Amino acid sequence: MEIKVVIAILVGTIFINNYVLSQMLGLCPFLGVSKKLDSALGMGLAVIFVMTIASFFTFLLYRYILLPYDIIYLRTISFIIIIASLVQFVEMVIEKVSPALYQTLGIFLPLITTNCAVLGVAVLNINSGFVTTEFGLFKSVIQGFGAGTGFTLSLILMAGIRERLELADIPENMKGLPITFITAGLLALAFLGFAGMKI
Amino acid sequence: MNLFQEFKKGIWEKNPILVLSLGMCPTLAVSTSISNALWMALATTFVLLGSNILISLIKGFVPAHVRIPVYITIIATYVTIVELYLHAFQPAVYKSLGIFIPLIVVNCIILGRAEEFASKNGVVASAADALGMGLGFGITLTVLAFFRESLGANTILGYTFIEGMEPSSAMILAPGAFITLGLMLWGMNAINSRKKE
């Protein structure tokens, strides 16, 4: 296990295969919570947190329960149940331990269950073949963390742009979602530039 | 309660993608070709129909505070059926839709309709609602895929679109998806505001 592998996974998930702008996962919160910079930051932190933990638990579930008992067809059901209960659990823990953090993240946590990027990273960890490789658990967790960071990065970029767009003079019919999509398109075009990077 | 009205509203008036803006991830990600879009629409409609019918049947027994996990589990069961079916009988489709088949579970259209409609209405009305929403989703997805496939790969359902045209690969990738959907939403707003005048 080299540090190079870790960096490759991180750069890969944050920039080259950014979950939002190049794989198009997690678009509902990306469009819904990117109106204000501080709520975007709160949502992003909550997603990083849940994705990292979800990668850990779904990997363990797949490796030590689903695979040995040959019930991998239950993957989708078991993963979504794990993620839903994890989100609920995280919400309760944060509420008890740190009420201040709960105030900031609280409203975003229930939304994360239906964030397809969380289930997406869990399924992608399995599809990338981490189960059979050495240090698979560690790689999964890194990939989950990287995916969450990439999501947060694009969310913050988008929120910054949208705050400025509020003041811009745009055609009446284009206000709201249409201009947001076109902005996201231009942002995705910029991220396309990372696609040529080889690590 | 007019059944045809329940069916019809999903297509334009309450179109799940263009008006309710639900289910964005599969919309943008699988609209790279018309055949992908049609398979996705079919799979989603099946899951939507099954879950809407079952949820409207059990709505009396499920306690309110555990309803979301129950709905998600029901939806995940139907998605597993679709996943196993496609894996067994349509391996090419299974491969090209890839990760977006398990992700039908978190398609907000399905949970949204379960919460919004099936948990409050009867079985027949829920089935009509599911079919209408599925059709609206399918039509929007296919139109989006038509633009992206014709401009991005210069083909329509595998046939050449315009002889000798240079396709723009950005249309197949993420930017094309965002910009095309943005323009479609713009067009829809323009038509609606003209109607009002």
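Bear in mind that the values in this text are calculations on the coordinates, not laboratory data. Since we're looking at a predicted model, the values are computed, not measured. Virtual Cβ from ideal backbone geometry, glycine too; neighbours counted across all protein chains shown.
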(request) Using only Cα atoms, locate the centre of the range B:155-186 and the centre of the range A:5-74, then give the distance between them in Å, rounded to an integer. (result) 28
(message) Need one number: nm distance between label points at B:K14 and A:A195, each 7 Å from Cα along Cα→Cβ, rounded to one decimal.
(response) 3.8
(message) Eigenvalues of the Cα gyration tensor times 5, then square-rooted: what semi-axes does that give for the range A:3-60, in whole angstrom, largest first?
(response) 22, 15, 11
(request) For helix A:116-127, report the angle its Cα long axis makes with the longest principal axis of the Cα atoms of chain A; keep it between 0 and 90° and round to the nearest 10°. (result) 40
(request) State the answer as a single residue: which of B:T80, B:F61, B:I179 lies farthest towards the positive end of the charge dipole of chain B, with beta carbon charges of +1 for Lys and Arg and -1 for Asp and Glu, about the Cα centre. (result) B:F61
(request) Using only the alpha carbons of the protein assembly as shown, determine the length spanned along each of the three principal axes and report them from longest to shortest in whole angstroms. (result) 60, 53, 49
(request) Give me the percent of Cα-Cα pairs in chain A that sit more than 31 Å apart, rounded to a whole number. (result) 22
(request) Taking 7 Å along the Cα-to-C-beta vector as the label spot, tell me the B:A190-B:Q90 distance in nanometres, rounded to one decimal. (result) 3.4
(message) Can you give the FRET efficiency to the nearest 0.05 for A:F57 and B:R67, using r as the Cβ-Cβ distance and R₀ = 35 Å?
(response) 0.90
(message) Can you compute the charge dipole magnitude of the protein assembly as shown about its Cα centre, using +1 on each Lys and Arg Cβ and -1 on each Asp and Glu Cβ, nothing else charged? Give it in debye, rounded to the nearest 20.
(response) 300
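Where a ≥ b ≥ c are the square roots of the eigenvalues of the C-alpha gyration tensor, would you call chain B rounded, which needs a/c under 1.5, or, failing that, prolate if a/b is larger than b/c, or oblate?
Oblate is the answer for chain B, as a/c is 1.5 or above yet b/c matches or exceeds a/b.
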(request) Specify which residue in the list A:Q143, A:P171, A:P110 is farthest towards the positive end of the charge dipole of the range A:3-194, using unit charges on the beta carbon of Lys, Arg (+1) and Asp, Glu (-1), about the Cα centre. (result) A:Q143
(request) Find the centroid of the Cα atoms in the range B:117-149 and in the range B:40-57, then give the distance between the two in whole Å. (result) 10
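Compute the relative contact order of the range B:6-139 as a whole-number percentage, counting only Cα pairs closer than 8 Å that sit 6 or more residues apart in sequence.
50
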(request) Which order do the peptides B:88-97, A:125-134, A:12-21 take when ranked by the mean count of other beta-carbon atoms within 10 Å per residue, highest first? (result) A:12-21, A:125-134, B:88-97
(request) Return the distance in nm (one decimal) between the two label points of a simple spin-label model at B:L57 and A:V131, each offset 7 Å from Cα along Cα→Cβ. (result) 3.1
(request) Please give the average number of partner chain Cβ atoms lying within 10 Å of the Cβ of each residue in B:101-114, rounded to a whole number. (result) 4
(message) Cross-link candidates for B:K196: which lysines have Cα within less than 30 Å, leaving aside residues fewer than 8 places away along the same chain?
(response) A:K35, A:K175, B:K8, B:K9, B:K14
(message) Just want to confirm a number: the relative contact order over chain A, from Cα pairs under 8 angstrom separated by 6+ residues, in percent.
(response) 43
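If I take R0 = 30 Å and measure r between the Cβ atoms of B:S169 and B:L42 in this structure, what FRET efficiency does the formula 1/(1 + (r/R0)^6) give, to the nearest 0.05?
Computed FRET efficiency for B:S169 and B:L42: 0.65.
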(request) With a cut-off of 19 Å, note down the residues of the range A:150-164 whose backbone N falls inside the zone around a label point 7 Å from the Cα of A:L45 toward its beta carbon. (result) A:150-160
